[in-house]
Amino acid sequence: MRVEQISIFLENKAGRLAEVTRVLSGAGVNIRALSLADTSDFGILRLIVNDNDKAKTVLKEHGFTVGKTDVVAVEVEDRPGGLSSILNILSKQNINVEYMYAFVQHSGKNAVIIFRFDDIDTAVKLLQENNVKVLEGKTVYTL
Amino acid sequence: MAREQYSLEEVSDMIYDEEFETLPREALEAIQLKRLRDLAERVYAIVPFYKKAFDEQGVKPDDIKSLEDLPKLPFTMKQDLRDNYPFGMFATPMENVVRIHASSGTTGKPTVVGYTRRDIRTWSELMARTLAAAGAHKGDIVHNAYGYGLFTGGLGFHYGAERLGASVIPVSGGNTKRQILLMRDFGATVITCTPSYALRLADVAAEEGVDFKALKFRVGVLGAEPWTENIRNEIESRLGLDAVDIYGLSEVMGPGVAVECVEAKHGLHIFEDHFIAEIINPETGEPLPYGEPGELVFTTLTKEAFPLIRYRTRDLSVLHREPCRCGRNLVRMGRITGRSDDMLIIRGVNVFPSQIESVLMARKEVAPHYLLIVDRKERMDTLEVNVEINEEIFSDAVKDLQNIEGDIEKDIKDLLGVSCRVRLVEPKTIQRSEGKAQRVIDKRKT
């Protein structure tokens, strides 16, 4: 129930993000979801793509520093309170969210939320016990 | 405010030791020669390093027949001081050493210098001359914001001001708001600090609603870092005082080696009855004539505990002999225009890029590629250390990377005493070079 996410170190300079997307598009890699965390001097671009290995290879070839992290993807109904109910479950059990980001599926009915947890196994178990729909990696890569 | 003209009476007041500071050239050189011959004999007999250096050069103390023979003597390098750490260069038994100071070193080992009771007296005299040349006198209140401790600035000024008969406030560095309060309440008339700290004080005074120009300051004696004529103009107009430049280094004595006179503010008078200055070509070591820029070299003529023969300062300057309208007959040195090595002076602290490198190399997680960017923001020197990231340390969590930056910042501060900002940058973005890598960008050249 883990989803592989790749992350890329970016200096805060014009054109670096464009360079990442150019490299990925050249390799035919499709970006499923992304989030950019930034500070005053660097940014971390987190991506879920349809082909992790290819993405990592081409990015490294172009001199980027690339990392890999396991995250959890959760499907939630796209309505008020959808996210809130999940966060409530997690906070009651003192599960800490390192970061999260969300995207809405093509149908527009459901949203997918990507979570990074410290203790990923406990978090997945807890979510499943509470009937939250946790997505498989292969599902997310091809959404 | 800077004044144009001084009366003759005022001028004579400003020369603390009229006998020596206005000696005719021939008389001065006679004193120098006698002292140089005594020095050469003494260090040859007492300091093993100099015995060996003289012998290797094939020169004996007796070979010094005139001042023109000085270039026959060997140079002393900073490395020689390190090799003889801590007390190997001392020319007197430790029981005669009453004070020890030290400057920072490239490998974490400082350069140690010692003073006998007479050395301290000489230093105090020369600092009294320095302060007098700047226009200070008995009755002045000196706000001494140079750092006290191993650094020679604080205590050097302190003893000199006392010798002059002024009242010293030993405030040292830091705690700027409190300094403003003390300056206002104590009515200090002379300020001694680095030029960048003088401007910092002006900024903080403005923030605190204190009009610096309404304070009683008349004179600023500023040094320990290179500064420009533009900065002088700014300091003089914002602080409402005459600002003069001083020069010194702990190896040679500390502050008090040379000072500008307040009348001319044009070149720093070197106290030649105690130091012989030379300018050499830093590449060949060959002495250069007056007026030609090169590396400053000093020979200490009177120091007992820590004498130096032809010490290479690495500071680039130029010497002039034209008479000065202040009446002193001493050779003047120009402002320091740079270094013949890669040392940086950041907020008065000597920093070698190799020191930063040693900090980075001690942290196995970062690549040894770095770039130092030195700048001046809000009047204070800033140091930014760019370090290339690598895959081992890369994390997708912002706080992990910020922790790495913070840890390196702390290591650098612990070793060098200089705070800096560490920035992680992308791999291979710092320029590689076949020969000498460019490790430093200094943007302060204004």
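With the requirement that a residue be of a type in the set (Ser, Thr, Tyr) and open to solvent by 10 Å² or more (accessible area, probe 1.4 Å), what does the stretch B:129-151 give you? Selection gives B:TYR148 alone. Of the numbered conditions (1) modelled with pLDDT of 90 or more; (2) open to solvent by 80 Å² or more (accessible area, probe 1.4 Å), A:GLU77 satisfies every one except a single condition; which is it? Tallying (1) modelled with pLDDT of 90 or more; (2) open to solvent by 80 Å² or more (accessible area, probe 1.4 Å), A:GLU77 fails exactly one: (1). The selection criterion, being aromatic (Phe, Trp, Tyr), in contact (Cβ under 8 Å) with a residue 40 or more places away in the chain, in a strand (DSSP E or B) and surrounded by 15 or more Cβ atoms within 10 Å (Cβ to Cβ), holds for A:PHE9. Any chance the stretch A:100-111 includes a residue that's under 22 Å from B:ALA397 (Cα atoms), open to solvent by 50 Å² or more (accessible area, probe 1.4 Å) and within 14 Å of chain B (Cβ to nearest Cβ)? Yes, that holds for at least one residue.
Taken over the stretch B:38-62, the criterion of being surrounded by fewer than 16 Cβ atoms within 10 Å (Cβ to Cβ) and in a helix (DSSP H, G or I) is satisfied by B:ASP38, B:GLU41, B:ALA45, B:ILE46, B:PRO48, B:LYS51, B:LYS52, B:ASP55, B:GLU56, B:GLN57, B:ASP62.
Can you tell me which residue in the stretch A:32-67 is nearest to A:VAL140 (Cα to Cα), limited to those that are at the interface with chain B (Cβ under 9 Å from one of its Cβ atoms) and acidic (Asp, Glu)? Step by step, filter the stretch A:32-67, then rank; the result is A:ASP38. Checking each residue in the stretch B:195-217 for being surrounded by fewer than 19 Cβ atoms within 10 Å (Cβ to Cβ), not aliphatic (A, V, I, L, M) and not in a helix (DSSP H, G or I) picks out B:GLU208, B:GLY209, B:ASP211, B:LYS216. For beta carbons closer than 6 Å, sequence separation of 6+ or different chains, a first residue in the stretch B:299-319 that is within 17 Å of B:ARG117 (Cβ to Cβ) and open to solvent by 10 Å² or more (accessible area, probe 1.4 Å) and a second that is assigned to a loop (DSSP other than H, G, I, E, B) and of a type in the set (S, T, N, Q), the qualifying pairs are B:GLU304/B:THR92. Of all the criteria given as (1) touching a Gly at 6+ places or on another chain (Cβ under 7 Å); (2) farther than 26 Å from B:GLU21 by Cβ; (3) buried (at least 22 other Cβ atoms within 10 Å of the Cβ), the one not satisfied by B:MET183 is (1). Look at (1) in a strand (DSSP E or B); (2) surrounded by fewer than 22 Cβ atoms within 10 Å (Cβ to Cβ) and you find that B:GLY256 fails only one, number (2). With the structure loaded, tell me whether A:ALA14 is among the hydrophobic types (A, V, I, L, M, F, W, C), open to solvent by 20 Å² or more (accessible area, probe 1.4 Å), over 12 Å from the mean Cα position of the chain (by Cα) and within 14 Å of chain B (Cβ to nearest Cβ) or whether it fails that test. Yes. Mind checking whether some residue in the stretch B:377-386 is at the interface with another protein chain (Cβ under 10 Å from one of its Cβ atoms) and either open to solvent by less than 50 Å² (accessible area, probe 1.4 Å) or not basic (Lys, Arg) (or both)? Checked the stretch B:377-386: at least one residue is at the interface with another protein chain (Cβ under 10 Å from one of its Cβ atoms) and either open to solvent by less than 50 Å² (accessible area, probe 1.4 Å) or not basic (Lys, Arg) (or both).
Listed by first and then second residue, the pairs with beta-carbon distance under 9 Å, at least 6 apart or on different chains, first residue in the stretch B:151-173 and at pLDDT 95 or above, second among the acidic types (Asp, Glu) and not in a helix (DSSP H, G or I), are B:ALA161/B:ASP140; B:LEU164/B:ASP140; B:GLY165/B:ASP140; B:ALA166/B:ASP140; B:SER167/B:ASP140. Here A:VAL3, A:VAL29 are screened, and the one residue that is under 27 Å from A:VAL132 (Cα atoms) and either more than 9 Å from chain B (Cβ to nearest Cβ) or not aliphatic (A, V, I, L, M) (or both) is A:VAL3.
For the stretch B:411-429, the candidate set comprises residues that are within 14 Å of chain A (Cβ to nearest Cβ) and among the basic types (Lys, Arg); within that set, the residue that is surrounded by the fewest Cβ atoms within 10 Å (Cβ to Cβ) is B:LYS428. Checked against (1) of a type in the set (Asp, Glu); (2) closer than 21 Å to B:LEU330 by Cα; (3) not in a strand (DSSP E or B), B:ASP245 meets all criteria but (3).
Per-residue answers, yes or no, for (1) open to solvent by less than 50 Å² (accessible area, probe 1.4 Å); (2) free of Cβ contacts under 8 Å to residues at least 60 places away in the same chain; (3) under 24 Å from B:LYS109 (Cα atoms); (4) within 24 Å of the chain's Cα centre (by Cα):
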residue: B:VAL351; (1), (2), (3), (4): yes, no, yes, yes
residue: B:GLN355; (1), (2), (3), (4): yes, no, yes, yes
residue: B:ILE389; (1), (2), (3), (4): yes, yes, no, no
residue: B:SER395; (1), (2), (3), (4): yes, yes, no, no
residue: B:ILE404; (1), (2), (3), (4): yes, yes, no, no
residue: B:GLU409; (1), (2), (3), (4): no, yes, yes, no
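The criterion of at least 2 residues that are closer than 30 Å to B:GLU56 by Cα is met by the following helices (runs of 4 or more DSSP H) wholly inside the stretch B:76-182: B:78-83. A:ASN88 passes every criterion in (1) more than 17 Å from the chain's Cα centre (by Cα); (2) buried (at least 16 other Cβ atoms within 10 Å of the Cβ) apart from (2). Restricting the stretch A:29-66 to residues that are touching a helix residue (DSSP H, G or I) at 6+ places or on another chain (Cβ under 7 Å) and of a type outside the set (A, V, I, L, M, F, W, C) leaves a set whose member that is surrounded by the most Cβ atoms within 10 Å (Cβ to Cβ) is A:ARG32.
Among the residues of the stretch B:331-349, are any open to solvent by less than 40 Å² (accessible area, probe 1.4 Å) and in contact with a helix residue (DSSP H, G or I) (Cβ under 6 Å, 6 or more places away or on another chain)? Within the stretch B:331-349, none of the residues are open to solvent by less than 40 Å² (accessible area, probe 1.4 Å) and in contact with a helix residue (DSSP H, G or I) (Cβ under 6 Å, 6 or more places away or on another chain). Among residues of the stretch A:69-94 that are in contact (Cβ under 8 Å) with a residue 24 or more places away in the chain and under 17 Å from A:THR122 (Cβ atoms), those with a Cβ under 9 angstrom from a residue that is open to solvent by 60 Å² or more (accessible area, probe 1.4 Å) and not in a loop (DSSP other than H, G, I, E, B), sequence gap 6+ or separate chain, pair up as A:VAL71/A:MET100; A:VAL74/A:LYS133; A:ILE89/A:GLU129; A:GLN93/A:THR122.
The values are calculated or read from the model by the stated rules, or taken from the named source; none is laboratory data. Everything quoted here is computed from the prediction, not taken from an experiment. FYI the Cβ positions are ideal-geometry reconstructions off the backbone, even for glycines, and counts take in every protein chain you see. Quick note on the areas: whole protein, heavy atoms, side chains included, nothing else; ligands and nucleic acids left out. Shrake-Rupley method; radii C 1.70, N 1.55, O 1.52, S 1.80 Å.
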